[in-house]
Amino acid sequence: MPNFLVTTHRDKRPNAKPVADVIAGFEGVSLVQVHSDDMATVDASDEAAGRLRSALASTYYVEPQIMRGLNET
């Protein structure tokens, strides 16, 4: 399954719940790594990520995580 980055909208950060708490309980979404209260990497199918994105759109971004090598041109 692909990884997705879940981050809190910058203007919502003072009052938003930690990302790890918000994504807990979403079916088909597994926490991979917590970077901070405002950012986490999750493992999810495209369908599960879409449901997560729809449910959290007003406060959180859910975007595919793109890893690039340092030697790419």
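The numbers here are math on the coordinates, done by the rules we state, and not lab data. Source: prediction; values computed, not measured. Note: ideal-geometry Cβ built from the backbone for every residue, glycine included; neighbour counts use all protein chains shown.
List the chymotrypsin sites (Phe, Trp or Tyr not before Pro) in segment 1-63 that DSSP assigns to loop (not H, G, I, E or B) and whose Cβ has at most 15 other Cβ atoms within 10 Å. Which are they?
On the way: sites: Phe4, Phe26, Tyr60, Tyr61; in loops: Phe26.
Passing sites in segment 1-63 do not exist.
Going toward the positive end of the dipole of the chain, with +1 on Lys and Arg Cβ and -1 on Asp and Glu Cβ, which of Gln33, Leu56, Pro2 do you reach last?
Result: Leu56, furthest along the dipole toward the positive end.
Taking 0.36 nm per residue of separation and subtracting the Cα-Cα distance, what length does fully extending His35 through Glu63 add? Kindly include the intermediate steps, with their values, before the conclusion.
Values: separation 28, 0.36 × 28 = 10.08 nm, distance 1.50 nm.
Length gained, His35 through Glu63: 8.6 nm.
Placing unit charges on C-beta atoms (Lys and Arg positive, Asp and Glu negative, everything else neutral), compute the dipole magnitude of the chain about its Cα centre in debye, rounded to 20.
Values: 7 positive and 10 negative charges, 48 e Å.
Using only the charged Cβ atoms, the result is roughly 220 debye.
Suppose only helical runs count, i.e. DSSP H with n ≥ 4. What mean residue ellipticity at 222 nm does that imply for the chain under -39500 (n - 2.57) per run, divided by all residues and rounded to the nearest 500 deg cm²/dmol?
Numbers: 2 runs with 16 residues, N = 73.
-6000 deg cm²/dmol, from helical runs alone.
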